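The values are calculated or read from the model by the stated rules, or taken from the named source; none is laboratory data. Keep in mind the model is a prediction, meaning the values are calculated, not measured. So basically every Cβ, Gly included, is an ideal-geometry build from the backbone, and we count neighbours across all protein chains shown.
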Amino acid sequence: MSHRILLLGAPGAGKGTQSAKLADAYDLEHVTTGDALRANKDVETEHGTPRSYMEAGELVPDPVVNEIVEQALSDADGFVLDGYPRTLEQAEFLSSITDLDAVVFLDVDEAVLVDRLTGRRVCESCGANYHVEFQPPEEPGVCDECGGDLVQREDDTEETARERLAVYEENTAPVVEHFRTEGVLETVDGEAPPEAVFERIQSVVES
Ligand code: AMP
């Protein structure tokens, strides 16, 4: 059976890491608006290019991300959604195009989020995630998986990370509350070790 999973959580909560594991384990499409936008930063839309919003830590306008998701879901059998919806309008749009089997919220304290974001390093070639302190690669700056260069995302500087967390509180925390009110939200302690978080998510997905 294919799954339709939504992972919610603040920037740095571990959505990307856990989504990749879920996609692998259940053979799902990993639908992530952040990666899609990073790959299309300079594409002109009616609302300008994504780059200016992303570099400031602001949200890209709803119509742009809604279109990305609609397209991605139209050819996906099962999927795990990561980084979307981030506004109530996006949540409404999502419910108009698909049903969900599991909605999981990764709960992580704000102080932990800032440390995770500012220490995060990403492989330029394969996208694997590291942390300079909590999950260092064997050789500094080099990806264990593919030997690619590890870089810091432009929006993972302390100032932009804090702005992204403020944007999350204002726009996306209400989305979490929306699913909580609907009675479908499963909260998982996102501060547990990644393997333990994954096991908890699996038990939600398989229940
Ligand atoms: P992420 O990789 O999920 O942290 O996203 C990086 C950036 O892409 C965000 O700070 C936003 O500027 C933009 N972005 C990603 N997903 C969305 C979304 N669902 N709605 C609006 N902007 C988004």
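Under the condition of being more than 18 Å from the chain's Cα centre (by Cα) and either among the acidic types (Asp, Glu) or within 8 Å of the ligand (Cβ to nearest atom) (or both), which residue from region 70-84 is surrounded by the most Cβ atoms within 10 Å (Cβ to Cβ)?
Checking each candidate, the answer is 77.
I want to confirm something. Restricting to region 85-99 and keeping residues that are of a type in the set (A, V, I, L, M, F, W, C) and more than 16 Å from the chain's Cα centre (by Cα), which single residue is nearest to residue 64 (Cα to Cα)?
Residues of region 85-99 of a type in the set (A, V, I, L, M, F, W, C): 88, 91, 93-94, 97.
Then keep just the ones that are more than 16 Å from the chain's Cα centre (by Cα); that gives 88, 93, 97.
Details: 88: 15, 93: 12, 97: 15 Å.
In this case the residue turns out to be 93.
Within the group 52, 96, 74, which residue is polar (S, T, N, Q) and at pLDDT 95 or above? First the steps, then the outcome.
On the way: 52 fails: at pLDDT 95 or above; 74 fails: at pLDDT 95 or above.
Sole residue among the options that is polar (S, T, N, Q) and at pLDDT 95 or above: 96.
Here are some residues: 45, 98. Which one is touching a residue at least 24 places away in the same chain (Cβ under 8 Å), more than 11 Å from the ligand (Cβ to nearest atom) and more than 30 Å from residue 193 (Cα to Cα)? Walk me through it before giving the result.
Values: 45 fails: touching a residue at least 24 places away in the same chain (Cβ under 8 Å).
Going through 45, 98 in turn, the sole match is 98.
Here are some residues: 172, 187. Which one is in contact with a Phe, Trp or Tyr (Cβ under 7 Å, 6 or more places away or on another chain), within 22 Å of residue 108 (Cα to Cα) and either of a type outside the set (Lys, Arg) or modelled with pLDDT under 95 (or both)? Reasoning before the result, please.
Details: 172 fails: in contact with a Phe, Trp or Tyr (Cβ under 7 Å, 6 or more places away or on another chain).
Matching residue, one of 172, 187: 187.
Can you pull out the residues in region 139-171 that are without any contact (Cβ under 8 Å) to a residue 24 or more places away in the chain and in contact with a strand residue (DSSP E or B) (Cβ under 6 Å, 6 or more places away or on another chain)?
Scanning region 139-171 gives 141, 143.
Here is a check on your reading of the model: is residue 59 assigned to a loop (DSSP other than H, G, I, E, B) and in contact (Cβ under 8 Å) with a residue 40 or more places away in the chain?
When the stated conditions are applied, residue 59 passes them.
How about region 21-36: which of its residues are within 15 Å of the ligand (Cβ to nearest atom), at pLDDT 95 or above and over 25 Å from residue 193 (Cβ atoms)?
31, 33
Return yes when residue 191 is acidic (Asp, Glu), more than 22 Å from residue 18 (Cα to Cα) and out of contact with any His (no Cβ under 9 Å at 6 or more places or on another chain) and no when it is not. Break it down into steps so the answer makes sense when it comes.
Details: acidic (Asp, Glu): yes; more than 22 Å from residue 18 (Cα to Cα): no; out of contact with any His (no Cβ under 9 Å at 6 or more places or on another chain): yes.
In short, no.
Looking only at residues in region 62-89 that are assigned to a loop (DSSP other than H, G, I, E, B) and either without any contact (Cβ under 8 Å) to a residue 60 or more places away in the chain or of a type in the set (Ser, Thr, Tyr) (or both), which one is nearest to residue 28 (Cα to Cα)? Write out each step before concluding.
First pass over region 62-89, keeping only residues assigned to a loop (DSSP other than H, G, I, E, B): 75-78, 83-87.
This time we only want the ones that are either without any contact (Cβ under 8 Å) to a residue 60 or more places away in the chain or of a type in the set (Ser, Thr, Tyr) (or both), so: 75-76, 84, 87.
Values: 75: 11, 76: 8, 84: 16, 87: 24 Å.
Only one residue fits best here, namely 76.
Go through (1) closer than 21 Å to residue 161 by Cα; (2) touching a strand residue (DSSP E or B) at 6+ places or on another chain (Cβ under 7 Å); (3) within 12 Å of the ligand (Cβ to nearest atom) and name the single condition residue 107 misses.
(3)
Checking the conditions here, which among 136, 174 is touching a residue at least 60 places away in the same chain (Cβ under 8 Å) and over 16 Å from the mean Cα position of the chain (by Cα)? Before the answer, list the steps.
Numbers: 136 fails: touching a residue at least 60 places away in the same chain (Cβ under 8 Å).
Sole residue among the options that is touching a residue at least 60 places away in the same chain (Cβ under 8 Å) and over 16 Å from the mean Cα position of the chain (by Cα): 174.
Are there any strands (runs of 3 or more DSSP E) wholly within region 100-207 with 2 or more residues that are under 23 Å from residue 60 (Cα atoms), and if so which? I'd like the intermediate steps shown before the answer.
Numbers: elements: 102-107, 120-123, 129-131, 185-189.
Correct list: 102-107, 120-123.
Among residues belonging to region 48-69 that are of a type in the set (Gly, Ala, Ser) and either surrounded by fewer than 20 Cβ atoms within 10 Å (Cβ to Cβ) or away from the ligand (no atom under 11 Å from the Cβ) (or both), point out the one that is nearest to residue 86 (Cα to Cα).
Within region 48-69, the first condition is being of a type in the set (Gly, Ala, Ser), and the residues that meet it are 48, 52, 56-57.
Filter once more, so that each one left must be either surrounded by fewer than 20 Cβ atoms within 10 Å (Cβ to Cβ) or away from the ligand (no atom under 11 Å from the Cβ) (or both): 48, 52, 56.
Details: 48: 19, 52: 18, 56: 16 Å.
For region 48-69, the residue satisfying everything is 56.
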